[in-house]
Amino acid sequence: MTPQTTLSDAIESTIASLPAHMQDWVRREADLCKPDSVEIITGKADQIIRLENELEASGAYTRLDENVYGKRCFHARSDKNDVARVEERTVICTEDPVDAGPLNFWVDPEEMHGRLDKLFDGVMKGRTMYVVPFVTNPADSQFATAGVQLTDSANVVCNLYRMSNLHDGWRILEKQARFPRITHSYGTLSKEDRWITHFPKELYCRTINSDYGGNALGPKKIFGLRLVGIQALENAQKKSQPDEDVGIEVVEHMALFGIDYGDRRVHFGAAFPSMCGKTNIATGVAEGPMAKNKVFTLGDDIIGGATKKGDGRLYVNNIEAGMFGVTKGMSDFANKMLMEALRNPKPEVQDCEGGPIFTNQVLVDNNGSKRVWWSESGEDFPEGDGFTTWNWLGEEIDASAEEKDQKNARVTMPIRNVPNLDSDYNNNDGVPLDVALIGGRSSKLHPLISRARSWNEAVYHALCQFSEPTAAAVGQKPRYDPMANRPFIAFNISDYAQKWLDIPEKTPKPPAVFSVNWFRRDDDGNFIWDGFGANYRVLDAAVRQLERKDTWVETPIGLVPKPEHIDISGLKYTTTTEQLAEILVPDKEALKSEVANREGWLNELENGLETGSEGRGAPKKLPQAIWDEHEAFKNRVEEYCA
Ligand code: GTP
Ligand code: SPV
Ligand code: MN
């Protein structure tokens, strides 16, 4: 029976044209949010072009000169209080708080729905509610899931169109009985009432009062990483032997790329926390002694996949179709392939997904030609006759202004434009994951690269991966960030640890795991390692170690290369063997305090956070194997530092 609503005939007839199995839900949401109209996003470009034009007419988008980054390229500004993810307002609503675990904020589902019902009541008055399909990538792979996001933000629709395989959505949704649902409203953009909520059992998420990426783009972190992550956990837990097909088994916050070795391509997944170099490593260019090894891009943020039957390796894909990249620091030096993608968009991409959408850069007007500028781009701040420039807050500025682009200013773009896209990008079976890199920003402790002696040791180190704060989330502090996934694991961290420990049982040929750190600093705070293109030299050392060409040396934190294993010829910052030797080993002082710090951290995982545990889910016992590894680490450190 159709529920009683007070919806207009126009809205009722729009809803009636949706697949039957989603009509009741959309009707209920429309009844609560009370939009003036409902519009189904078809997936065709002409409708998106109309929305872009409307956003331009309203002043929300500024159209940029098509001679710079091609057609349908826009600049937008966010609200000044809506520039990053808000972890404090990200909530997992499970019946049992143990299922959310000690790191996630937790609210009882019924209570959260009650609070949200009040906030969503009438929130779309005077607005259109868009019904947006999406599908995780590649659309026809057995791991893809289609879903629907309702949103009142045309900006979100235009972003999703560039990133989330929107045009394949309805085709897949028709055949999929149970589908994930996300309801989003930018509401009033109120910081106080901002919520990003997940109801795993219902495959449902509700997010309100933000229009920013990870808070508002459902298929990305909210559904793509958190909810699919829960599916992957449940599937992996069900799996009893390697050749059993259970669907998606692995979802991680990882970039994905290949390095060419002539006769073969080695595929790397890179789990680095937000703003710690995933996009860069996936779209950079190898230089110096590695110049002959081309880097191929597959993805820059989220991977998913499973063990391949009969093969024993993990096959993974980028689950997204676009990038949402940090612009600060984006340059020909740092990630040339991304810059090439911006400069040379493919005509078929411009006509379909559209051009880049920039948010919160400096807007530049040069005699009527509009473009954007961002810091650390390698380009001087534009000034002189005929130039007008505005900072991200919309204030007219010149080069002397302190406030220029926002630190977390981003660009949304379809990945199809990247010129060195791996030929297996969008391959339904994915690519074998040969190497998993786990990293973070660590000024002193972590060596440039290290490899654990065993799988369990690797999991232990990854669980204790340390990273310093970035601007990708509001109010961050230095912290442990397990597998770079701390803000995105929507279930108990102890289950996540166990899941990783179990990988070799389900995946007979698991990826080799290396820890990396591009961010060691000297006592004056300067980076010691060149980073960027030079990082591929370090990855080459990893490949040589795997192929037993080099023998690495023991440290408490894992095996590390000898200085002669990494070629530093031509580098700008790491110019001496002494400098290299320093960053190839853990700093002893940092190591000593690390034992106690890790003990504290593991205790927090098992018993709840020492500070700030209020409002979070409940802990449970960590796998004994993690404690065993900790004990072994402690002993190694004592011996090493004696
Ligand atoms: P999210 O999109 O937030 O998940 O971030 P990401 O992991 O993709 O980070 P991204 O590649 O966008 O890099 C973020 C920042 O780190 C940029 O300012 C880069 O310039 C800087 N960065 C990346 N790689 C390196 C490196 O090797 N060395 C140094 N010093 N900085 C780097
Ligand atoms: C991150 O913060 O890890 C991002 C950007 O990739 S967001 O989509 O906002 O999560
Ligand atoms: Mn990310």
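Numbers below:
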{"read-out": "First in the range 341-352 and β-branched (V, I, T), second anywhere and crowded, with 16+ Cβ neighbours inside 10 Å and part of a helix (DSSP H, G or I), Cβ under 7 Å, 6 or more apart", "value": "V349/R416; V349/N417"}
{"read-out": "Filter result for E111 (under 30 Å from E610 (Cα atoms), open to solvent by 40 Å² or more (accessible area, probe 1.4 Å) and modelled with pLDDT of 95 or more)", "value": "yes"}
{"read-out": "Test for S369: is it hydroxyl-bearing (S, T, Y), more than 16 Å from ligand 2 (Cβ to nearest atom), within 25 Å of the chain's Cα centre (by Cα) and at pLDDT 95 or above", "value": "no"}
{"read-out": "Subset tally (residues that are touching a residue at least 40 places away in the same chain (Cβ under 8 Å) and buried (at least 21 other Cβ atoms within 10 Å of the Cβ)) for the range 556-573", "value": "6"}
{"read-out": "Cross-chain or 6+ apart pairs with Cβ under 6 Å, the range 298-312 first and within 17 Å of I438 (Cβ to Cβ) and assigned to a strand (DSSP E or B), then within 16 Å of ligand 1 (Cβ to nearest atom) and open to solvent by less than 20 Å² (accessible area, probe 1.4 Å)", "value": "G299/L256; G299/N318; I303/E252; I303/M254; I303/L256; I303/G269"}
{"read-out": "Flag for K201 being basic (K, R), surrounded by fewer than 24 Cβ atoms within 10 Å (Cβ to Cβ) and either under 28 Å from L501 (Cα atoms) or within 16 Å of ligand 2 (Cβ to nearest atom) (or both)", "value": "yes"}
{"read-out": "Matching residues in the range 426-443 - criterion: being open to solvent by 30 Å² or more (accessible area, probe 1.4 Å) and within 15 Å of ligand 1 (Cβ to nearest atom)", "value": "R441"}
{"read-out": "The lone exception for N155 - which of (1) polar (S, T, N, Q); (2) open to solvent by 20 Å² or more (accessible area, probe 1.4 Å); (3) not in a helix (DSSP H, G or I) it fails", "value": "(3)"}
{"read-out": "Residue that is within 21 Å of the chain's Cα centre (by Cα) and either without any contact (Cβ under 8 Å) to a residue 40 or more places away in the chain or more than 23 Å from N526 (Cβ to Cβ) (or both), where the choices are A458, A462, A472", "value": "A462"}
{"read-out": "G329 vs. criteria free of Cβ contacts under 8 Å to residues at least 60 places away in the same chain and either more than 17 Å from T412 (Cα to Cα) or assigned to a loop (DSSP other than H, G, I, E, B) (or both)", "value": "yes"}
{"read-out": "Unmet requirement for W390, which otherwise passes all of (1) more than 24 Å from the chain's Cα centre (by Cα); (2) under 29 Å from I302 (Cα atoms); (3) without any contact (Cβ under 8 Å) to a residue 60 or more places away in the chain", "value": "(2)"}
{"read-out": "Residue within the range 413-425 that is in contact with an Asp or Glu (Cβ under 6 Å, 6 or more places away or on another chain), surrounded by fewer than 20 Cβ atoms within 10 Å (Cβ to Cβ) and closer than 30 Å to F143 by Cβ present", "value": "yes"}
{"read-out": "Criterion (open to solvent by less than 40 Å² (accessible area, probe 1.4 Å), closer than 30 Å to N360 by Cβ and among the polar types (S, T, N, Q)) met by exactly one of S58, S78, S37", "value": "S78"}
{"read-out": "Test: residue in the range 301-316 that is open to solvent by 10 Å² or more (accessible area, probe 1.4 Å), more than 25 Å from K499 (Cβ to Cβ), at pLDDT 95 or above and within 13 Å of the chain's Cα centre (by Cα)", "value": "no"}
{"read-out": "Tally of residues being open to solvent by less than 70 Å² (accessible area, probe 1.4 Å), without any contact (Cβ under 8 Å) to a residue 12 or more places away in the chain and under 27 Å from the mean Cα position of the chain (by Cα) across the range 603-642", "value": "1"}
{"read-out": "Matching option when the condition is of a type in the set (A, V, I, L, M), crowded, with 21+ Cβ neighbours inside 10 Å, part of a strand (DSSP E or B) and in contact (Cβ under 8 Å) with a residue 12 or more places away in the chain, among A282, A270, A232", "value": "A270"}
{"read-out": "Of all residues in the range 211-229 being more than 16 Å from ligand 1 (Cβ to nearest atom) and farther than 22 Å from D495 by Cα, the one that is least open to solvent (accessible area, probe 1.4 Å)", "value": "G218"}
{"read-out": "Any chance K191 is touching a residue at least 40 places away in the same chain (Cβ under 8 Å), open to solvent by 10 Å² or more (accessible area, probe 1.4 Å), within 16 Å of ligand 1 (Cβ to nearest atom) and among the basic types (K, R)", "value": "no"}
{"read-out": "Extreme residue, nearest to S377 (Cα to Cα), among residues of the range 250-267 that are open to solvent by 10 Å² or more (accessible area, probe 1.4 Å) and assigned to a loop (DSSP other than H, G, I, E, B)", "value": "Y261"}
{"read-out": "Residue count, the range 236-266 (criterion: more than 16 Å from ligand 1 (Cβ to nearest atom) and touching a helix residue (DSSP H, G or I) at 6+ places or on another chain (Cβ under 9 Å))", "value": "14"}
{"read-out": "Any hit, the range 276-296, residues being within 16 Å of ligand 2 (Cβ to nearest atom) and either of a type in the set (F, W, Y) or farther than 20 Å from M339 by Cα (or both)", "value": "no"}
{"read-out": "Counted residues, the range 332-351 - those being open to solvent by 10 Å² or more (accessible area, probe 1.4 Å) and either under 24 Å from F257 (Cβ atoms) or within 16 Å of ligand 2 (Cβ to nearest atom) (or both)", "value": "11"}
{"read-out": "Failed criterion for A484 (all others in (1) away from ligand 1 (no atom under 11 Å from the Cβ); (2) touching a Pro at 6+ places or on another chain (Cβ under 7 Å); (3) not charged (D, E, K, R) hold)", "value": "(1)"}
{"read-out": "Out of V553, V459, V516, V474, sole residue that is surrounded by 20 or more Cβ atoms within 10 Å (Cβ to Cβ), of a type in the set (A, V, I, L, M, F, W, C) and out of contact with any helix residue (DSSP H, G or I) (no Cβ under 6 Å at 6 or more places or on another chain)", "value": "V516"}
{"read-out": "Residue that is nearest to ligand 3 (Cβ to nearest atom) [pool: residues in the range 282-329 that are in contact with a helix residue (DSSP H, G or I) (Cβ under 6 Å, 6 or more places away or on another chain) and more than 30 Å from E234 (Cα to Cα)]", "value": "G325"}
{"read-out": "P19 vs. criteria within 24 Å of A177 (Cα to Cα), surrounded by 14 or more Cβ atoms within 10 Å (Cβ to Cβ) and within 33 Å of the chain's Cα centre (by Cα)", "value": "yes"}
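Conditions (1) over 22 Å from the mean Cα position of the chain (by Cα); (2) of a type in the set (S, T, N, Q); (3) surrounded by fewer than 21 Cβ atoms within 10 Å (Cβ to Cβ); (4) in a strand (DSSP E or B), marked per residue:
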| site | (1), (2), (3), (4) |
| --- | --- |
| V148 | no, no, no, yes |
| W170 | yes, no, yes, no |
| H184 | no, no, no, yes |
| T197 | no, yes, no, yes |
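The values are calculated or read from the model by the stated rules, or taken from the named source; none is laboratory data. Note that the structure is a prediction, hence the values are computed from the model and not measured. Neighbour counts are summed over all protein chains in view; Cβ atoms, including those assigned to glycine, are modelled from backbone coordinates with ideal geometry. Just so you know, the surface numbers come from the protein's heavy atoms only, side chains and all, with ligands and any DNA or RNA stripped out. Shrake-Rupley method; radii C 1.70, N 1.55, O 1.52, S 1.80 Å.
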